[in-house]
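Asker: Here it is, the structure, as structure tokens.
FYI, it's all coordinate maths here, none of it is from the lab. On a predicted model such as this, the values are computed, not experimentally measured, just so you know. Cβ placement follows ideal geometry from the backbone for every residue including glycine, while neighbour counts extend to all protein chains displayed.
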Amino acid sequence: MAITDADVMTSLQTLTTIETIQSGAQSEASPEENTTADLLYAEFTELFDQAEEELANDLIRLNLSTVSDITTKRALAYLIADYIQVGQPDWNSAKVVFNQDTSVSRFANRQGSSYYYNYLRTLENAQKADDGYIERRSGVPIT
């Protein structure tokens, strides 16, 4: 099954704080519909293309030749959410203060606070748990 933009949109809405996304049909309607969505279709397609390319490069780097469609949808949704987060003014701050009594602390770098990089670490750890991992990485069978 090929991953469609609708699949990734559903995952993005399910797994992240993005609630509404304009569909391709809504963006092409006359007059244009759902223009107040959290993410417009033109923005989504640009981020989707960029995310597909980055995921492909990361899968090569991690030596993961194939991943399931579910894994692909999740990774793309997480990466798009990270791209959107980077656009926020306080995306890289160690602490966000809402008022005198409320604040949120988080890692002060993209990789520490990233949906996507945490998911990649999960994939990499799952790969390492495989019995043949050491042999594949070293190229030398260990007896």
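Asker: Residue by residue through the stretch 12-25, note down the ones that are of a type outside the set (D, E, K, R) and either touching a helix residue (DSSP H, G or I) at 6+ places or on another chain (Cβ under 7 Å) or crowded, with 17+ Cβ neighbours inside 10 Å (or both).
Answerer: Residues of the stretch 12-25 that are of a type outside the set (D, E, K, R), as a first pass: 12-18, 20-25.
Once the filter is applied, which keeps residues that are of a type outside the set (D, E, K, R) and either touching a helix residue (DSSP H, G or I) at 6+ places or on another chain (Cβ under 7 Å) or crowded, with 17+ Cβ neighbours inside 10 Å (or both), the stretch 12-25 yields Leu12, Leu15, Thr16, Ile18, Ile21, Gln22, Ser23, Gly24.
Asker: Does any residue of the stretch 72-90 turn out to be touching a residue at least 12 places away in the same chain (Cβ under 8 Å) and over 16 Å from Tyr116 (Cβ atoms)?
Answerer: no
Asker: Let me ask you something else. Within the stretch 26-42, how many residues are polar (S, T, N, Q) and in contact with a helix residue (DSSP H, G or I) (Cβ under 6 Å, 6 or more places away or on another chain)?
Answerer: Selection size over the stretch 26-42: 2.
Asker: Does the stretch 39-60 include one or more residues that are over 18 Å from the mean Cα position of the chain (by Cα), surrounded by 13 or more Cβ atoms within 10 Å (Cβ to Cβ) and among the small types (Gly, Ala, Ser)?
Answerer: Within the stretch 39-60, the subset over 18 Å from the mean Cα position of the chain (by Cα) is none.
Within the stretch 39-60 (the criterion being over 18 Å from the mean Cα position of the chain (by Cα), surrounded by 13 or more Cβ atoms within 10 Å (Cβ to Cβ) and among the small types (Gly, Ala, Ser)), the answer is no, since none of the residues qualifies.
Asker: Here is a further query. I'd like to verify a number: residues in the stretch 1-33 that are outside any helix (DSSP H, G or I), more than 15 Å from Glu43 (Cβ to Cβ) and among the aliphatic types (A, V, I, L, M), how many?
Answerer: Summing the residues that are outside any helix (DSSP H, G or I), more than 15 Å from Glu43 (Cβ to Cβ) and among the aliphatic types (A, V, I, L, M) in the stretch 1-33 gives 4.
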